[in-house]
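Okay, structure first, notes after.
The values are calculated or read from the model by the stated rules, or taken from the named source; none is laboratory data. Computed from a predicted structure; not experimentally measured. Positions of Cβ are generated from backbone atoms using ideal geometry, with glycine treated the same way; all protein chains shown enter the neighbour counts.
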């Protein structure tokens, strides 16, 4: 198959553009991921400081109550969760204490998925395939966990990821 000269001349141009874009992404992707994840946690945490403002308030307080065998009341659990999520957000945004921040995030996520088991009537329309809106809100956190794992894999530098 004969490729016209004009097309052969474009190939190096596209290669150069592709390399420039890939290099840009390699330089900025992890920082962008960390900042985006930090903003999400800071935002969701800040909402919980104002009772009734977060759509997850009720589900979160019921879950914490069940996990603590009704020892932690909603008046304590919601501000505690708000502080926890805000700390995760600040840790991610600052880029400091990332190991501790990611540990807090993973522990928080374990509590976040608990309603799928503890409160199935609120999270499933038909188990195991049809989630309620609350269930979908929980399951999307898989992406947040994957992002945190990606960041965790790079706390010693991006080369540890095998990139």
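Here are some notes:
- The single residue among 159, 62, 125, 96 that is under 21 Å from the mean Cα position of the chain (by Cα) and either at pLDDT 90 or above or within 27 Å of residue 29 (Cβ to Cβ) (or both) turns out to be 96.
- For segment 15-25, the condition of being within 21 Å of residue 154 (Cα to Cα) and at pLDDT 95 or above holds for none of the residues.
- Scan of segment 130-150 for residues that are part of a helix (DSSP H, G or I) and either within 10 Å of the chain's Cα centre (by Cα) or surrounded by 17 or more Cβ atoms within 10 Å (Cβ to Cβ) (or both), ordered by number: 134, 135, 138, 141, 142, 143, 144, 145, 146, 147, 148, 149
- Of all the residues in segment 36-62, those that are loosely packed, with under 15 Cβ neighbours inside 10 Å and assigned to a helix (DSSP H, G or I) number 4.
Per-residue answers, yes or no, for (1) closer than 17 Å to residue 39 by Cα; (2) in contact with a strand residue (DSSP E or B) (Cβ under 6 Å, 6 or more places away or on another chain); (3) assigned to a helix (DSSP H, G or I):
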| position | (1), (2), (3) |
| --- | --- |
| 71 | no, no, no |
| 75 | no, no, yes |
| 88 | yes, no, yes |
| 96 | yes, no, no |
| 106 | yes, no, yes |
| 110 | no, no, yes |
| 122 | no, no, yes |
| 128 | no, no, no |
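- For segment 63-110, a residue qualifies if it is farther than 18 Å from residue 43 by Cβ, crowded, with 17+ Cβ neighbours inside 10 Å and in contact (Cβ under 8 Å) with a residue 24 or more places away in the chain, and the qualifying residues are 63, 64, 98, 102.
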